[in-house]
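What follows is one structure encoded as structure tokens, with my remarks underneath.
The values are calculated or read from the model by the stated rules, or taken from the named source; none is laboratory data. Being a predicted model, the structure only gives us computed values, none of them experimental. Note that we place each Cβ from the backbone using ideal geometry, even for glycine, and neighbour counts take in every protein chain shown.
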Amino acid sequence: MIRSAPTCIARAGAAAMVSALLGATPVQASDLVVHEVLSEQPLSDAPDMKVVISRVTIKPDGMIERHAHPGDMHAVVLRGGRIEGPDGAEQVLEEGAAIFASAGEAHGPARNLGDGDIELMVTYVVNVLEPFSWPVE
């Protein structure tokens, strides 16, 4: 379940960031989702862990597929908008909403239904010995 403060965005999926990839560089199915890594650093006193901070932009009609990460994902909605969530229902991501997904927790898909970009600032705390993310059916 994806949780946000103060409300739950369990099906938002926009917490979902990228489909399968092996580092912090995403493999995108289209140019409609832009994943810009701003910082990537080892976690203090945990050599097998790293912290990755990214800006994710979902352009109109852009879609993030269902996936999971080998660590926690924390996101803040910088620019909100309307999405189609995993159940096909329309949902609104509010600017300033915080989104969380636990390690291994599947999230997505999410499609931007609006005319403007949706932007997220995302922090991942992941194990460097595992793929950065993987697709989930």
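The single condition among (1) over 17 Å from residue 32 (Cα atoms); (2) touching an Asp or Glu at 6+ places or on another chain (Cβ under 6 Å) that residue 113 does not satisfy is (1). Scanning the range 69-83 for residues that are surrounded by 18 or more Cβ atoms within 10 Å (Cβ to Cβ), out of contact with any Asp or Glu (no Cβ under 6 Å at 6 or more places or on another chain) and part of a strand (DSSP E or B) yields a total of 4.
Residues checked against (1) crowded, with 18+ Cβ neighbours inside 10 Å; (2) small (Gly, Ala, Ser); (3) out of contact with any strand residue (DSSP E or B) (no Cβ under 9 Å at 6 or more places or on another chain):
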{"position": "54", "(1), (2), (3)": "yes, yes, no"}
{"position": "63", "(1), (2), (3)": "yes, no, no"}
{"position": "93", "(1), (2), (3)": "yes, no, no"}
{"position": "118", "(1), (2), (3)": "yes, no, no"}
{"position": "125", "(1), (2), (3)": "no, no, no"}
{"position": "136", "(1), (2), (3)": "no, no, no"}
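Within the range 26-63, count every residue that is modelled with pLDDT under 95, small (Gly, Ala, Ser) and part of a strand (DSSP E or B). Qualifying residue count, the range 26-63: 1.
Within the range 87-112, the residues that satisfy the criterion of being over 14 Å from the mean Cα position of the chain (by Cα), touching a residue at least 40 places away in the same chain (Cβ under 8 Å) and in a loop (DSSP other than H, G, I, E, B) are 87, 89.
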